[in-house]
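The numbers here are math on the coordinates, done by the rules we state, and not lab data. Please read all numbers here as calculations on a predicted model, not as lab measurements. Methodologically, a virtual Cβ is constructed for each residue, glycine included, from the backbone with ideal geometry; neighbour enumeration extends over all protein chains shown.
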Amino acid sequence: MIAARLRRSPAPLLGLAAVATAAASWLPLLPVLPPLLTGDAFTGLAEPRLAGLFLRTLRLAGGAALLSLLLGLPLALLASRLAAPGRSLWRLLLPLPLLLPPLMIAQAWHGLTGMDGPLAALFALGVCAAPFPALLAARALERQAASSHEAALLAGGPRLALAEMLRTATPAALLGAAFAFVFAATDFAVPDYFASVGEKFSVYAAEVFNAWRRAGLDPADSASSYAEGMAVAAPLVALAGLVLLLALAAGDLTGGADRGSGRRPPLLPLGRAAAPAALLGLALTTLLVLLPLGRIAWETGRAGPLAGGSWSGRAGAAFDQALDLGREDLGRSLANAAWAGLGAMIVAPIWAHLLVRWRRRPRAVLLQTALALPLLAPAVGFGLGAIVVFNRDLFWNFYDGPGLPPLVLGGRYLPIAVFLLAERLSRVPREREEAAALAGASFAARLYRYRLGGAFGAWLLAGGLVAVFTVREVDLAILLPAANHTAAVRYFNALHFARDNFVAAFGLVIAAVLFLPVAAAAALRGLRGPEDR
């Protein structure tokens, strides 16, 4: 009797999720919570230098978020709902900037234009994050009720139908822009790169990274340096949290279940505007993908005027070297990504289910805040927290072993999987799960089979996003000794030692490996038939 009740109760799985999330996501944040909750960390902003860095970071992140919105929202319309030539290509390439290491985008645009300084960092971070609003807006547009679109088309023609599309997509795009703000505000590597190649400047996340440097210079005082770095990170956590929670509220992430006819909304015919729309799609895709990739590809064989051999010979040698030197590091990164993604696919649905169940209640906001915390802290701050928590005798073998990187990296990016699945589960009718409960199904079966069964694509996407961000994370990986021998760290080190041919080839190898699942998914969709049929 007790065993049967436990099978049907969510309590055991919630306990598992709480333990896993505490270890992966919350323990590394323990050092930052006291200064955040007491307000002590905010007193440092009275210092003019720190206040200036904070305001610069705010401007940089806000500008990057706005740029990502301006680039991503039109591309979402072109890729999902407008009958423009090239729509399938825009849709295929839409996620690609997320799969590229941000440092690769920065390197490409510096090589193309010579840009440096804060504005260059703003531009590169905005371009990197454009898929956030684009992908979320595209998903919202695909879920628009066909009847709503047709009514707008009949009442006001294409102009009103386009306005209705924008109204549908804007909340999701704003949520994507909020993610762009969070990533830009907490990024250290891209601003550091542009500061190293031109105009010197700093951002707030660099203060946290400097604490790690001070700890390395004076190991006897490392504990106080780590504590100082985590305290400095607290205002950034609060700022990013405020922006993300406002966007979640505006976007109504946990909306109601789908109750439409199931028909996909038709594409909007553009008539004479089809050619300009296609040119706009080509321009946006060129800016986000083709120009940076083209520059990086050219870098693989670039050399000085006195260098011997052909471009193709040098490029081939660079790829050979990239595969030879980086193969093991890339393998470790992919292993970390697989474990992190698998863990997210197990844990994230449990929290997503609870968020949907608590929809529009105050405790749902508290849970969202708690789950979002790892993403809000700068990656360098999260890494410092992991060092403080796990670098002790109790965890010594684990700290230096292969288990820590996937645990910490998966814990940092778990919120993305949770929020994505919460949005998807909120549109699955609860009657499906209730019918399974009446039939005696366990909670695990109700959740993973009946509730997620119809959302398998979103489930895979959630795990895939965690895996992708695990591979491309460099700020955190630099700090953790167990994560130093990964692809992102090798790329970072080679870039700063000006090994241009190797860096370009290795970056393209990373991008190709990460893009393969996207291309495979697109091929499977093509085999099933036209998606708008």
*Thinking of the chain as a set of Cα atoms, what percent of all their pairs are more than 31 Å apart?*
48
*What dipole magnitude, in Debye to the nearest 20, does the chain give about its Cα centre under +1 on Lys/Arg Cβ and -1 on Asp/Glu Cβ?*
2080
_Gap separating the Cα centres of the stretch 362-393 and the stretch 318-350, nearest whole Å_ = 22
*Mean-position separation - Cα centroids, the stretch 464-514 and the stretch 262-289, in angstrom*: 34
_Amide proton proximity set for Leu268, modelled H, under 5 Å, gap of 5+_ = Leu82, Ala83
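Only helices at least 18 Å long along their own axis, judged from Cα atoms, and with Kyte-Doolittle mean hydropathy of 0.0 or greater: name those in the chain from DSSP H. Don't jump to the answer; show the numbers that get you there.
Numbers: long enough: 48-80 (47 Å, 1.40); 146-185 (44 Å, 0.99); 204-217 (21 Å, -0.04); 222-251 (42 Å, 1.64); 311-357 (59 Å, 0.38); 362-376 (21 Å, 1.37); 404-425 (30 Å, 1.20); 456-472 (24 Å, 1.63); 500-528 (42 Å, 1.60).
Those that clear 18 Å and a mean of 0.0 are 48-80, 146-185, 222-251, 311-357, 362-376, 404-425, 456-472, 500-528.
Sorting check: for 286-294, 480-488, which peptide has the highest mean count of neighbouring beta carbons within 10 Å, and how do the rest follow?
Working: 286-294: 18.4, 480-488: 21.8.
Per-residue Cβ counts within 10 Å, averaged per peptide and sorted highest first, yield 480-488, 286-294.
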